[in-house]
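Data block below; observations after.
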Amino acid sequence: MPSPSSTIAAIATPPGRGGVGVVRISGGNLAPFARQLTGRSSDPRPRVASLARFLDEDGSVLDEGLLLFFPGPNSYTGEDVLELQGHGGPVVMQMLLSRCLQLGARLAEPGEFTRRAFLNGKLDLAQAEGVIDLIDASTQAAARSAQRSLSGQFSRSVHDWRDRLVDLRMLVEATLDFPEEEIDFLEAANAFGKLARLDEELDRLLGRARQGSLLRNGLQVVLAGQPNVGKSSLLNCLTGEDRAIVTDHAGTTRDVLREAIQIEGIPLHIIDTAGLRETDNEVEQIGIGRSWKEIEQADVILRLVDARHGITVEDHAIDARLPAGVPVIWVFNKSDLTAEPASTETLPDGAAIHLSAKSGEGVELLRTALLRIAGWEGRSEDVILARERHLQALEQGLRHIRQAAISTTQLELMAEELRLAQDAVNSITGEFGADDLLGVIFSRFCIGK
Ligand code: GDP
Ligand code: ZN
């Protein structure tokens, strides 16, 4: 890893043409750098935009624009930061960058500015991840959630939880020194009640993080049913486009088709599959095999039947193979051909909805049911845009807490489990971070951030 005190530079704006382009520089002492670049004899004024000429080695003008100087430690990286706002053309940006390299900077690696911010204590790891998540956000809900992580909301929950854990650990470890009275002492301090509360709260935090993981990865929603029940029509209806071929010939959809949609900012992947039936056609059989693969990986199954026929003998054969524990929404499609109006019914592990993919009547009920099954309804504001890494750490923390709770007769063990829980949770904010972990996280950033 390069030494953090070296000066780094990068074009911070996206490639291509734009009104303004920004070259960003971070380093230990950038006032002389700015003087040389602008040919001025005085240091740039901190945090004030000034019009400047950016000069080449021979004194010729490369570009004219705004110069911003943020002396450390009150800057993004915690070091001196310079921002050159020039004209946003690829050639002029390259020329400015080359000049910076000539003045002693080196090209920044992806995420290196944010990495320095982390190393200088400006951001913790979860916040740094919030930066990239905000840049990468594909929906508004994801962007808002990333912003909350970035502002430290998630980190505060983690810290709060960690502090309670430390209190409890200290209590247990102190008791180890007085083996005579150990259990009485812990009971007097309500240690077991505190442990139960920790379990409860970590479980809640994990729930919010799982919601956020959904926001990042999207929910896999698989359409499953016999041929001709309207799976492809429903996909088209949900996406608002004619993506899937619809015919009245059974067996038209032979391969898996996936489309991304959003419902209230929640990304969903709708997956249309070949209709499930007994068939001698080899191509169709392959398609059906793929359908089952998708069904086995689904977060939600949209189980379509023709409302005119209801659930048939063939449907029973399909249902016997559905994976256990995956929520199912029963869709009685083609309600326009029946006397029954569009309706919805909540079931313990899903819902049953009468709708028409053709007229669109009742499809709103389906959207609401999907949101409810995603656990999203009315809770978007406290969701954490969690990464797999965060989920694993929280799950691991919870496992150790539960292990501690059943080790109350062996206090050494209990103390050790609490310590492991603390390590797990600390890894989220990076207070206990291996270097390779940092490498993985920051290498996913774009250059200039
Ligand atoms: P899939 O095989 O399950 O994908 O079914 P398709 O979407 O290809 O539809 C099969 C046939 O049913 C087509 O002729 C569609 O126009 C028709 N269909 C699909 N949904 C509806 C609906 O809600 N109402 C009516 N009346 N026809 C529908
Ligand atoms: Zn189809």
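Take Thr239 and tell me if it is among the hydroxyl-bearing types (Ser, Thr, Tyr) and over 28 Å from Gln211 (Cα atoms).
no
Can you name every residue in the range 315-337 that is within 16 Å of ligand 2 (Cβ to nearest atom) and open to solvent by 30 Å² or more (accessible area, probe 1.4 Å)?
Lys334
Could you list all residues from the range 133-145 that are surrounded by 21 or more Cβ atoms within 10 Å (Cβ to Cβ) and of a type outside the set (Ser, Thr, Tyr)?
Answer for the range 133-145, where residues must be surrounded by 21 or more Cβ atoms within 10 Å (Cβ to Cβ) and of a type outside the set (Ser, Thr, Tyr): Asp133, Ala141, Ala142.
Have a look at Ser149, Ser98 and point out the one that is part of a helix (DSSP H, G or I) and more than 29 Å from Asn217 (Cα to Cα).
The match here is Ser98.
Can you tell me which residue in the range 248-261 is least open to solvent (accessible area, probe 1.4 Å), limited to those that are under 20 Å from Ile286 (Cα atoms) and more than 8 Å from ligand 2 (Cβ to nearest atom)?
In this case the residue turns out to be Gly251.
Among the numbered conditions (1) in a helix (DSSP H, G or I); (2) surrounded by 19 or more Cβ atoms within 10 Å (Cβ to Cβ); (3) modelled with pLDDT of 90 or more; (4) within 24 Å of the chain's Cα centre (by Cα), tell me where Glu200 comes up short.
Exception for Glu200: condition (2).
Sort through Glu282, Glu340, Glu278, Glu296 and tell me the only one that's more than 11 Å from ligand 1 (Cβ to nearest atom), open to solvent by 60 Å² or more (accessible area, probe 1.4 Å) and under 22 Å from Arg216 (Cα atoms).
Glu296
Would you call Arg243 without any contact (Cβ under 8 Å) to a residue 60 or more places away in the chain and farther than 30 Å from Ala146 by Cα?
Yes: the conditions hold for Arg243.
Hey, any hits in the range 275-282 for a residue that's within 21 Å of Leu371 (Cβ to Cβ) and either assigned to a loop (DSSP other than H, G, I, E, B) or at pLDDT below 85 (or both)?
No, because not a single residue in the range 275-282 is within 21 Å of Leu371 (Cβ to Cβ) and either assigned to a loop (DSSP other than H, G, I, E, B) or at pLDDT below 85 (or both).
Across the range 228-247, what is the number of residues that are within 11 Å of ligand 1 (Cβ to nearest atom) and open to solvent by less than 20 Å² (accessible area, probe 1.4 Å)?
Qualifying residue count, the range 228-247: 8.
Of a type in the set (Lys, Arg), surrounded by fewer than 20 Cβ atoms within 10 Å (Cβ to Cβ) and under 30 Å from Gly28 (Cβ atoms): is that true of Arg99 in this structure?
No.
Among what's in the range 345-366 and is open to solvent by 70 Å² or more (accessible area, probe 1.4 Å) and over 31 Å from the mean Cα position of the chain (by Cα), pick the residue that is nearest to Asn228 (Cα to Cα).
Lys358
Condition first: touching a strand residue (DSSP E or B) at 6+ places or on another chain (Cβ under 6 Å) and within 10 Å of ligand 2 (Cβ to nearest atom). Now tell me which residues in the range 211-233 satisfy that.
Scanning the range 211-233 gives Leu223, Gly225, Val229, Gly230, Lys231, Ser232.
Out of all the residues in the range 339-356, which are at pLDDT 95 or above and polar (S, T, N, Q)?
Within the range 339-356, just Ser356 meets the criteria.
May I ask you to verify whether Gly78 is crowded, with 17+ Cβ neighbours inside 10 Å and touching a Gly at 6+ places or on another chain (Cβ under 6 Å)?
Against the criterion (crowded, with 17+ Cβ neighbours inside 10 Å and touching a Gly at 6+ places or on another chain (Cβ under 6 Å)), Gly78 qualifies.
The values are calculated or read from the model by the stated rules, or taken from the named source; none is laboratory data. The structure displayed is predicted, hence computed values, not measured ones. When we count neighbours, we look across all protein chains shown, and the Cβ atoms used for this are built from the backbone with ideal geometry, even at glycine. For the accessible areas, the whole protein counts, side chains as well, though only heavy atoms, and no ligand, DNA or RNA atoms are used. Shrake-Rupley method; radii C 1.70, N 1.55, O 1.52, S 1.80 Å.
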